[in-house]
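Structure first, then comments.
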């Protein structure tokens, strides 16, 4: 009888120890749950702040890029489009779409606008992105026939483009290296090279150099 009683006591003590361990684990889990809930609330508040900052940043980016590209278009074409950006949230990601407007009509640049207009917008868009880049990389941009789709028999559009390129270069202290066949661009360049292919070899000749 005494042996059975001792066994019962041992079992009781074992179960009591298990119960105390479970209570301790439950207490730790409750503390963890409380801390997790607090962190979730903090994350939600931080998410609201991040979204607000992102929206304000997008507005600033949209304003800056739209103004610069629109300015370039207005400086080149007599009846220009205005350039616009639209940020859209899709699949938890921010996607950016751009479009033109003329007389309050929304226009798809790639389908409804001329190639020359797209050329000028693309040039200005790349410059605007360089201006916004942080940290800013080297102040040199390279273009290969950036205005090849502009058909201008009077050359007036080319002269306007040359003035825009020169103005952006001077004001932003940005160097453009441009491969082109447009004489008006050559005229505003500080330095020009002429490339000629002879017998499978490219001959490079300096045509104009900056004066000291």
Exercise for review: Report the residue count in the range 67-80 for those that are surrounded by 17 or more Cβ atoms within 10 Å (Cβ to Cβ), without any contact (Cβ under 8 Å) to a residue 40 or more places away in the chain and either farther than 14 Å from residue 118 by Cα or touching a helix residue (DSSP H, G or I) at 6+ places or on another chain (Cβ under 8 Å) (or both).
Suggested key: 1
Check your understanding: Tally time: how many residues in the range 140-153 are surrounded by 12 or more Cβ atoms within 10 Å (Cβ to Cβ) and not in a strand (DSSP E or B)?
Key -> 7
Check your understanding: Of the residues that sit in the range 82-99 and are surrounded by 14 or more Cβ atoms within 10 Å (Cβ to Cβ) and under 18 Å from the mean Cα position of the chain (by Cα), which one is modelled with the lowest pLDDT?
Key -> 87
Exercise for review: Could you please give the count of residues in the range 160-172 that are in contact (Cβ under 8 Å) with a residue 12 or more places away in the chain, surrounded by 18 or more Cβ atoms within 10 Å (Cβ to Cβ) and within 19 Å of residue 183 (Cβ to Cβ)?
Suggested key: 5
Check your understanding: Residues in the range 48-56: is at least one in a helix (DSSP H, G or I), within 17 Å of the chain's Cα centre (by Cα) and at pLDDT 75 or above?
Key -> no
Point to revise | Which listed residue, of 186, 156, is surrounded by 12 or more Cβ atoms within 10 Å (Cβ to Cβ) and without any contact (Cβ under 8 Å) to a residue 12 or more places away in the chain | key: 156
Review point. Taking the range 104-118 on its own, how many of its residues are surrounded by 11 or more Cβ atoms within 10 Å (Cβ to Cβ) and either over 22 Å from the mean Cα position of the chain (by Cα) or not in a helix (DSSP H, G or I) (or both)?
Key: 8
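The values are calculated or read from the model by the stated rules, or taken from the named source; none is laboratory data. Values in this document were obtained by computation on a predicted structure and should not be read as measured data. All Cβ positions, even for glycine, are placed from backbone atoms using ideal geometry, and neighbour counts span all protein chains on display.
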